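S.K.: Below you'll find the structure I mean.
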Amino acid sequence: MELTGLFINGEFVAAEGSATYPSINPADGQPWCDFAAASAKDVDRAVAAAKASFESGVWRNTSAQERAAVLRRAADLFSEYHGQIAMAEIQDSGATLRKANGADLIAANLSFQEYANLIEQTPLEQRAEEFFPIASENIIRREPVGVVAAIVPFNFPLAAASWKVAPALAAGCSLVLKPSPYTPATALWIAKVMKEAGLPDGVLNVITGPGPDIGAHLVEHPDVDKVAFTGSTQVGRIVGASAGRQIKRCMLELGGKSANIILDDADLDVAIPVALFATFFHSGQVCESGTRILVPRSMHDEFVQRLVAEAQRVKLGHPMEMETTMGPLVSAEQLANSKRYVALAIEEGATVACGGAEPEDLKALGGYYFPPTILTGVTNDMRIAQEEVFGPVVVVIPYQDEEDALRIANDSPFGLAAALWTQDEARALNLARRLEAGTVWINDYHMISPKYPFGGFKASGVGRELGLAGLDAYFELKHIHVARTSTLEEKHYLPLTLSDLDL
Ligand code: NAD
């Protein structure tokens, strides 16, 4: 790949001392490309470029229409470079052809289009005549928050970055984007696309590198005004604490252990295949995966039998093969993690209904393959039901009645998503209102759109991305009060009672 440098102040440049590191292709475990390995000094250079561009007003002072035009050109360029970007994502992250071409590029394209539309529709300055507390004109302004550190994980490198870059740019912010060390390639493509779309130099900067240190340095940097982080709850706690010390604005999109609730009137012909998609899409490396399937006790055995039979149809294999429906995990560490959790579940008393061990026939490929794994005999208090695996491992938990299902679903430190399967929409809506989750799907799964807010209750995060909430996350709100009173008597600074106010 030609894009391998850091992107600072509008140029692809080498890291300090020309340091590089290899990105490993998860399909075969081999290095596929060397990328720049940023140092703390490189982070400082990137933040300085972002700050200078913000202070110059070169982007933040453009009109909403001008910013929307750049975002729309970027959306078109993602389509134009579709093939090259998809190839980079496949080699870097192990995404299948279907995921890279479909979900990833569509998410990027739609985010840039949606935030182009939203910035044109959102009032940046609203005025109102008010007589409380005194006659005055009041202006509410949306102002860009400043320099944003956007930190993203390895599972949806292009989409997760687009969900931050598009709204932050729409709002007029400048950014430093830091992709996961495992998956730097498509962040650099975003830089190339934005430059070609006409974004001024310095407004978007990208730093790549292998260690957690550059992320920590970026979060700590005093010239960063806002941190937009997507990643694990474990790292999210560190990032949130660091941002909190400086009272930095901070958005955290973290892990999950989402409940997929099958009610007794569910259409199992649809619910079962979708339950597999819910949990094995991108080898289970999806934050809102439906990794706890809750089934009525009376239906449990038949359900598991059908689920296992359906799971045999998942085609695990090389991501570049058209018939592959599930590819490798991103790294040797993630593979080891899935194996460790299956061993732990067995120790806790779970039974492996299918999968659970590395497939012998794929070992020759040298990649990080783990099969669809279904665990039964699981109770919700086990670690396998409480902790995020981030691999293709799902547990099936029986429940007694609707209240029991709701109790189990909500008995989790996380609250990212949930799903309900039933033919009774009123019943589903009642339950949906009582689920502690940022997104609830009824008879569906993984339906995320830039039009609707996405984020977590509880340990799944703080704040929301996407939709108008995802744009407002990059604004400071300012209230300007203009007095329409001229004498001291008119001002009523300290009225004794409400009736003293001449409303
Ligand atoms: P991670 O937390 O290990 O890393 C995320 C990012 O943070 C990476 O870019 C990493 O380099 C960086 N980082 C690591 N240590 C840091 C530090 N001390 N300071 C600043 N940055 C640091 O996550 P991951 O393993 O890349 O991704 C998987 C996790 O992401 C899962 O837990 C998953 O649920 C979560 N995720 C959440 C969402 C969501 O929207 N809620 C979406 C996708 C993934």
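S.K.: How much net charge surrounds A241 when only the other residues with a Cβ under 15 Å from the Cβ of A241 are counted, with Lys and Arg +1 and Asp and Glu -1?
M.R.: Surrounding charge for A241 is +3.
S.K.: Rank these for me by crowding, M447, M326, going from fewest to most other beta carbons within 10 Å.
M.R.: Ranking M447, M326 by Cβ neighbours within 10 Å, fewest first, gives M447, M326.
S.K.: Calculate, axis by axis, the spread of Cα positions in region 1-93 along the three principal axes, and write the results as whole Å, longest axis first.
M.R.: 47, 34, 16
S.K.: Go ahead and estimate [θ] at 222 nm for the chain from helices alone: -39,500 (n - 2.57) per DSSP H run with n ≥ 4, summed, over the residue count, rounded to 500.
M.R.: -11500 deg cm²/dmol
S.K.: Name the residues whose placed amide hydrogens come within less than 5 Å of the amide hydrogen of L375, ignoring near sequence neighbours (fewer than 5 apart) on the same chain.
M.R.: A353, V394, V395, V396
S.K.: Based only on other Cβ atoms within 10 Å, what is the fewest-to-most ordering of L375, L435?
M.R.: L435, L375
S.K.: Counting only other residues whose beta carbon sits under 12 Å from that of E348, what net charge do I get with K and R as +1, D and E as -1? Walk me through the numbers on the way to the answer.
M.R.: Details: positive: R383; negative: E347, D381, E387.
Surrounding charge for E348 is -2.
S.K.: Evaluate the relative contact order of the chain (contact order divided by residue number), counting alpha-carbon pairs under 8 angstrom at least 6 apart; express in whole percent.
M.R.: Relative contact order for the chain comes out at 18 percent.
S.K.: Of Q305, V396, S289, whose Cα points farthest to the positive end of the dipole of region 259-442 (charges on the beta-carbon: +1 Lys, Arg; -1 Asp, Glu; origin at the Cα centre)?
M.R.: Selected residue: S289.
S.K.: Right, next: Give me E489, E137, E310 sorted ascending by neighbouring Cβ count inside 10 Å, so fewest comes first.
M.R.: E489, E137, E310
S.K.: In terms of modelled amide H atoms, which long-range or inter-chain residues lie less than 5 Å from the amide H of A228?
M.R.: Correct list: A149, A150, I151, M251.
S.K.: Applying a 10 Å radius around every beta-carbon, put 210-221, 102-113 in order of their mean neighbour count, most first.
M.R.: 102-113, 210-221
S.K.: Based on Cβ point charges of +1 for Lys and Arg and -1 for Asp and Glu, what charge dipole magnitude is obtained for the chain about its Cα centre, in debye rounded to the nearest 20?
M.R.: 780
S.K.: For the cross-link pairs K41/K226; K51/K195; K226/K257, which exceed 24 Å when the distance is taken from alpha carbon to alpha carbon?
M.R.: Too far apart for the 24 Å limit: K226/K257.
S.K.: Tell me the Rg and the Dmax, in Å, that the Cα atoms of region 259-442 produce.
M.R.: Over region 259-442's Cα set, Rg and Dmax evaluate to 15.9, 51 Å.
S.K.: Once the mean 1/r over all distinct Cα pairs of the chain is inverted, what Kirkwood radius in angstroms do you read off?
M.R.: 24.1
S.K.: May I pose another question? Would you work out which of T379, G366, A418 lies farthest towards the positive end of the dipole of region 259-442, given +1 charges on the beta-carbon of Lys and Arg and -1 on that of Asp and Glu, about the Cα centre?
M.R.: In region 259-442, that residue is G366.
Readers should treat all values here as calculations from the given coordinates under stated rules, not as data from a laboratory. The structure presented is a predicted model; accordingly, all values stated were derived computationally and were not measured. Cβ atoms come from the backbone with ideal geometry, glycine included; neighbour counts cover every protein chain shown.
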